[in-house]
């Protein structure tokens, strides 16, 4: 192989999004994360002899919602199939999934590439399936522990076409889907808890070659950072292999985040023959136009539409709009503050992306448990607008609210932070400072015009210090100039 | 008293001729006495039954009871029973105690019926002779050198010998009807979806159906009134309202049109059996029914289609027996693969393994279309054949089996010959139709059953016809001499 050859990367992604149903996809057991091992597995989840699955209607509706949101086809009839293989955390010896007739097919979403171009990523299919349990190979010396709490959790497996050409595009696609499922309220998107996981199919080929190269599937990817690193690493590995005259083997590889490398899990030859066949315990799922119509009405404003609206109607920058719409919690928070402040979008955006997000990041918290609610922040912004406090004082008020000292208005009162706007009071302050700094006043009067600003800043600083920041800076500025120039 | 039907026992209890405790004790004694020779029970729940009987007596005394409160019954060991082990005739489940009741069991318990024990069966209901049971073969009470049929052989034998007034069975390819025929009792396989499968250990999910095995059609109707109906735990159970199954028993069958499929009376059929069935049909004609010849042209395809579909589903359904969570686990597995292989090798018998292997084969890549898909197509054709026939007739009649009960070991090592003995029963399962086997005579002191097949949800009509037939015949009242 020619070493100077140009390579093209081809990536397809399989996302497993855990649907946000209260109970499992085929049983009544709870789906809440973090319970003691095997306390959330009922007879059905354990695959006891004689038990039967019953489909959770909510899971169906959520899958339809997703399908409609990506402009996909939702066939009238969709079928559950059994995927047969043996593994200790797969209680029945088969996973109930979908094979030939998935609930969602032929959708697409648009992503923004690195050079700011729109690119269509096709979504081949999305199908419903049950999750398996978890195997714990480390904690029990010489044994494997099985936790079946997760067994039967509802998953939507979202399969893309191999339409992405670099890790950045893959991440962009993932983030887009991640944002979408949370907007649709069908998945909490929690990657640490495994509610949103991804497998990547990666191959490389010489740019001018038409046929795709041999692909490998990388599993075990549970953060955007790891996914990007894993793809980049795998691309490099494949190119190195081919350039040194070897071949890529079709296989499943596991990503090891600690070593930043992928290693072989099983090759195609060892792969299972899953012996899919329609599950005789479940009737085909029939979806009417009526159902689709009802579900369509439940779809909220989606991130792309919101982003455009923020730019066009609220006058926010592309950057601000992107940040505020990526996560529906932030967008909702933002829109609440806008309502309270009667449309002061830029100011709301600045506070949310500034002090609020800094505080959240610092304490590794998310908006849902922020001590400063949208209402509290909105009220505070109103107090800036009506000049009760200055923007600078507001930072003190915000911090106090963050520390749960109360709402803005009571903090301002108890800390005596109300802005001084009384002209005579401000005049007294200025007079005092002028009297205390006769030398500087003299220098100000005698210096050339371009140096005067330095002195103004000095005087304002002194005045604000004396007023403990409460004097209205605009009034101070005006009155001071008047006095000095008189 | 032990010769009484459920209907008669209900009257006896109502008129206080006997208490439930006395009745239960009577049957328990018969079970204990004869089970050694017949081997029809895997588990006899003596203490629990007597306790429940005393409770039933109290209920009857207090006025809070149902028609069948306090009457004993035998349950096929395929139905999960909370606290009592459920073996399914397999070493694999020798130690398995379900933590829940099957829906059918729950309904019977709620109706006040008392479980005498769990009856023997072919391992995982796979067999036509009850010889594949880990717990040994069941004997036919009419001739202890012969099989009782299968897979519900224990239930059939127990009812025939009157160790229990009635029992339950399950029917995947004839497992209620064939042993009923071999043992001279009445067995109803309801429409697929009429009786919940929840808690019934699965063999072939799209074919399995539980039903009553009784002395009379009337008793079958009494049990259907209890067990039929939609179950939210079984997605394949139907929401269609149930009939009152006893209501129409006494309807006249004058003008009833009976179809006789040519394919059920051809050279596969034993001449003596043919004669018995013809006599039975004459009785029905005397009652005003009219027989016409019909065609079920694809009958001979039903056996191969069945032996693709059923093993395919079985291979998947039985994957859960892996030695990990319940059931048999091999000693000291050296790794995961060893745990799987040895647990399953030791836990399953020969016939079960044969079907798992067949099923795995027909579902595997490259063979799926040639076998599984083709079998499903045949299944559709067979269903269509029945629907064509039902355009012109009310029910279909014919033999239940090709011959009488065969000898123990006669077909054990010839699976194909064993499979072929299901010729008249399996197509009914493939189509999901209801059918009943009714005692219709004897050949050399061995009972012969006549099969009546109805259209979907026509259980009432089938039991009506069978009941009218039993009013003018006494084959169903015959009891093997050794158990008189």
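Key figures
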| quantity | calculated |
| --- | --- |
| Single residue of B:322, B:266, B:293 found to be surrounded by 21 or more Cβ atoms within 10 Å (Cβ to Cβ) and free of Cβ contacts under 8 Å to residues at least 60 places away in the same chain | B:322 |
| Positions within the range A:256-314 being in contact with a helix residue (DSSP H, G or I) (Cβ under 7 Å, 6 or more places away or on another chain) and part of a strand (DSSP E or B), in sequence order | A:261, A:262, A:277, A:285 |
| Residue list for the range B:377-406, restricted to those being closer than 17 Å to residue B:309 by Cα and either modelled with pLDDT under 95 or surrounded by 18 or more Cβ atoms within 10 Å (Cβ to Cβ) (or both) | B:378, B:379, B:382 |
| Residues within the range A:279-324 that are touching a residue at least 60 places away in the same chain (Cβ under 8 Å), surrounded by 20 or more Cβ atoms within 10 Å (Cβ to Cβ) and within 14 Å of chain B (Cβ to nearest Cβ), tallied | 4 |
| Odd one out for residue B:405 among (1) more than 11 Å from chain A (Cβ to nearest Cβ); (2) under 26 Å from residue A:46 (Cα atoms); (3) not in a helix (DSSP H, G or I) | (2) |
| Matching entry among B:222, B:260, B:269 (being away from chain A (no Cβ under 14 Å), more than 28 Å from residue B:480 (Cβ to Cβ) and either modelled with pLDDT of 95 or more or not in a strand (DSSP E or B) (or both)) | B:260 |
| Matching option when the condition is at pLDDT 95 or above and more than 18 Å from residue B:38 (Cα to Cα), among B:143, B:101, B:122 | B:101 |
| Evaluation of residue B:247 against (1) touching a residue at least 12 places away in the same chain (Cβ under 8 Å); (2) within 14 Å of chain A (Cβ to nearest Cβ); (3) surrounded by fewer than 19 Cβ atoms within 10 Å (Cβ to Cβ) (one fails), failing number | (2) |
| Qualifying residue in the range A:171-185 (condition: farther than 24 Å from residue A:136 by Cα, at pLDDT below 95 and assigned to a loop (DSSP other than H, G, I, E, B)) | no |
| Sole exception among (1) away from chain A (no Cβ under 14 Å); (2) within 28 Å of the chain's Cα centre (by Cα); (3) outside any loop (DSSP other than H, G, I, E, B) for residue B:296, by number | (3) |
| Of residues in the range B:190-211 being in contact with a helix residue (DSSP H, G or I) (Cβ under 6 Å, 6 or more places away or on another chain) and assigned to a strand (DSSP E or B), the one farthest from the other protein chains (Cβ to nearest Cβ) | B:195 |
| Some residue of the range B:407-419 being at negative phi, buried (at least 19 other Cβ atoms within 10 Å of the Cβ) and touching a strand residue (DSSP E or B) at 6+ places or on another chain (Cβ under 6 Å) | no |
| Qualifying residue in the range A:213-223 (condition: free of Cβ contacts under 8 Å to residues at least 12 places away in the same chain and either surrounded by fewer than 18 Cβ atoms within 10 Å (Cβ to Cβ) or part of a strand (DSSP E or B) (or both)) | no |
| Cβ pairs under 8 Å, 6+ apart, first in the range B:360-372 and facing chain A (nearest Cβ under 7 Å), second outside any helix (DSSP H, G or I) and surrounded by fewer than 16 Cβ atoms within 10 Å (Cβ to Cβ) | B:364/A:273; B:365/A:273 |
| Residues of the range A:417-434 that turn out to be touching a helix residue (DSSP H, G or I) at 6+ places or on another chain (Cβ under 8 Å) and not in a loop (DSSP other than H, G, I, E, B), as a count | 10 |
| Residue that is crowded, with 19+ Cβ neighbours inside 10 Å and more than 22 Å from the chain's Cα centre (by Cα), where the choices are B:441, B:366, B:359, B:449 | B:359 |
| The lone exception for residue B:287 - which of (1) without any contact (Cβ under 8 Å) to a residue 24 or more places away in the chain; (2) farther than 27 Å from residue B:167 by Cβ it fails | (1) |
| Residue that is surrounded by the fewest Cβ atoms within 10 Å (Cβ to Cβ), among those in the range A:75-94 that are in a strand (DSSP E or B) and away from chain B (no Cβ under 11 Å) | A:77 |
| Matching option when the condition is crowded, with 24+ Cβ neighbours inside 10 Å, within 25 Å of residue B:4 (Cβ to Cβ) and within 12 Å of chain A (Cβ to nearest Cβ), among B:124, B:79 | B:79 |
| Options B:460, B:437, B:421: the member that is within 30 Å of residue B:205 (Cβ to Cβ) and modelled with pLDDT under 95 | B:421 |
| Qualifying residue in the range A:267-288 (condition: in the same structural domain as residue A:25 (by TED's automatic domain parsing), in contact with a strand residue (DSSP E or B) (Cβ under 6 Å, 6 or more places away or on another chain), modelled with pLDDT under 95 and closer than 30 Å to residue B:360 by Cβ) | yes |
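Per-residue answers, yes or no, for (1) exposed (fewer than 15 other Cβ atoms within 10 Å of the Cβ); (2) at pLDDT 85 or above:
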| residue | (1), (2) |
| --- | --- |
| A:397 | no, yes |
| A:407 | no, yes |
| A:412 | no, yes |
| A:416 | yes, no |
| A:420 | no, no |
| A:423 | yes, no |
| A:430 | no, yes |
| A:438 | yes, no |
| A:450 | yes, no |
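The values are calculated or read from the model by the stated rules, or taken from the named source; none is laboratory data. These numbers come from a predicted model, not from an experiment. Glycine also receives a Cβ, built like all others from the backbone with ideal geometry; neighbour counts cover every protein chain displayed.
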